[in-house]
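Novice: Pasting a structure below so you can have a look.
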Amino acid sequence: MKRLVLLLLNLLMPMILFAASNDLCFRHFSVEDGLSSNSVRALMQDKYGFLWIGTDEGLNRYDGTTVKLYRLKDRGANEAISSLYSTLNKIWIGTDEGIYIYDYETEDIMPFVLATSQNIHIETNTNHIVEDKDKNLWIGTNDGGLNLYNPITQRFTSYTLQEDESARGIGSNNIKAVYVDEKKSLVYIG
């Protein structure tokens, strides 16, 4: 009986794989298609189906037909987009110089200027943004540690290691990625 099942699986597997491979469709984008740069650093799809592409030269939105460029330069930001995250009404844009927020209603992009009680701002590369089940945003940065923003209370908190802690091998303030599981356990890679 086991041999019969294995034989059937071996005969059917190539057909299943062949059928599945035909469902994939690839599209290549470049500056010739309107993309601001061929160096893509962040990618996400929003609730409307738009594909948002963060490059070394700005933020791009692909609607299935055309690419629209959103410039940050006139707002004083570096054009390099390092991370993207979508919440209910906004897109959080991590740049090499901090965070900017795209508002769906106004289609405007504004800087995130909130500071901690110690007057700490995010002014460095934002590597990763993730939301926990309580709608708090966890933000991993280069040399700025791990940051928490609570949109309900409008409170911003920064968690960084002191220089002596880093020297003793406890960790780093360079947070590359953040993950929050369903039990609210936080995992970060520094």
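The values are calculated or read from the model by the stated rules, or taken from the named source; none is laboratory data. Fair warning: this is a prediction, and the values are worked out from it, not measured in the lab. Positions of Cβ are backbone-derived with ideal geometry, glycine not excepted, and every protein chain shown enters the neighbour counts. Protein only, heavy atoms only, side chains kept; ligands, DNA and RNA dropped before computing areas. Shrake-Rupley method; radii C 1.70, N 1.55, O 1.52, S 1.80 Å.
Novice: For region 140-154, state whether one or more residues are over 24 Å from Arg41 (Cβ atoms) and of a type in the set (D, E, K, R). So that I can check it myself, show each step before the final result.
Specialist: Narrowing region 140-154 to residues over 24 Å from Arg41 (Cβ atoms): 150-154.
Then drop every residue that is not of a type in the set (D, E, K, R), which leaves none.
Checking region 140-154: not a single residue is over 24 Å from Arg41 (Cβ atoms) and of a type in the set (D, E, K, R).
Novice: Another question, if that's okay. Could you check region 80-89 and list, in sequence order, the residues that are over 16 Å from Ala177 (Cα atoms) and open to solvent by less than 10 Å² (accessible area, probe 1.4 Å)?
Specialist: Ala80
One line per residue, one yes/no per condition, for (1) modelled with pLDDT of 85 or more; (2) surrounded by fewer than 13 Cβ atoms within 10 Å (Cβ to Cβ); (3) farther than 19 Å from Arg61 by Cα; (4) among the aliphatic types (A, V, I, L, M):
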position: Ile91; (1), (2), (3), (4): yes, no, no, yes
position: Tyr100; (1), (2), (3), (4): yes, no, no, no
position: Glu105; (1), (2), (3), (4): yes, yes, no, no
position: Ile109; (1), (2), (3), (4): yes, no, no, yes
position: Gln118; (1), (2), (3), (4): no, yes, yes, no
position: His121; (1), (2), (3), (4): no, no, yes, no
position: Thr124; (1), (2), (3), (4): no, no, yes, no
position: Val130; (1), (2), (3), (4): yes, no, yes, yes
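Novice: Can you go through Ile170, Ile152 and tell me which one is at pLDDT 85 or above and loosely packed, with under 13 Cβ neighbours inside 10 Å?
Specialist: Values: Ile170 fails: at pLDDT 85 or above.
After applying the criteria, what remains is Ile152.
Novice: Another question, if that's okay. Residues Glu123, Glu79, Glu57: which one is touching a residue at least 40 places away in the same chain (Cβ under 8 Å) and within 18 Å of the chain's Cα centre (by Cα)? Step through it out loud before you land on a result.
Specialist: Numbers: Glu123 fails: touching a residue at least 40 places away in the same chain (Cβ under 8 Å); Glu57 fails: touching a residue at least 40 places away in the same chain (Cβ under 8 Å).
Only one candidate qualifies: Glu79.
Novice: Would you confirm whether or not region 60-74 contains a residue that is closer than 27 Å to Ser158 by Cα, among the aromatic types (Phe, Trp, Tyr) and in contact with a Gly (Cβ under 8 Å, 6 or more places away or on another chain)? I'd like the intermediate steps shown before the answer.
Specialist: First, pick out the residues of region 60-74 that are closer than 27 Å to Ser158 by Cα: 72-73.
Checking which are among the aromatic types (Phe, Trp, Tyr) leaves us with none.
No, every residue in region 60-74 fails to be closer than 27 Å to Ser158 by Cα, among the aromatic types (Phe, Trp, Tyr) and in contact with a Gly (Cβ under 8 Å, 6 or more places away or on another chain).
Novice: Within the bounds of region 66-77, is there any residue that is among the aromatic types (Phe, Trp, Tyr), touching a strand residue (DSSP E or B) at 6+ places or on another chain (Cβ under 6 Å) and open to solvent by less than 30 Å² (accessible area, probe 1.4 Å)? Outline the logic, then answer.
Specialist: Of region 66-77, the ones among the aromatic types (Phe, Trp, Tyr) are 70.
Filter once more, keeping what is touching a strand residue (DSSP E or B) at 6+ places or on another chain (Cβ under 6 Å): 70.
From what is left, the residues that are open to solvent by less than 30 Å² (accessible area, probe 1.4 Å) are 70.
Among the residues of region 66-77, at least one is among the aromatic types (Phe, Trp, Tyr), touching a strand residue (DSSP E or B) at 6+ places or on another chain (Cβ under 6 Å) and open to solvent by less than 30 Å² (accessible area, probe 1.4 Å), which makes the answer yes.
Novice: Follow-up. Go through region 36-62 and report how many residues are open to solvent by less than 50 Å² (accessible area, probe 1.4 Å), closer than 16 Å to Gly94 by Cβ and in a strand (DSSP E or B).
Specialist: The number of residues fulfilling the criteria is 9.
Novice: Among the residues of region 63-81 satisfying the criterion of being part of a strand (DSSP E or B) and either modelled with pLDDT of 90 or more or of a type outside the set (Ser, Thr, Tyr) (or both), which is farthest from Ile101 (Cα to Cα)? Before the answer, list the steps.
Specialist: So the first thing to find is which residues in region 63-81 are part of a strand (DSSP E or B), and the list is 67-70, 81.
Restricting the remaining residues to those that are either modelled with pLDDT of 90 or more or of a type outside the set (Ser, Thr, Tyr) (or both) gives 67-69, 81.
Details: Val67: 19, Lys68: 17, Leu69: 15, Ile81: 12 Å.
The residue in question is Val67.
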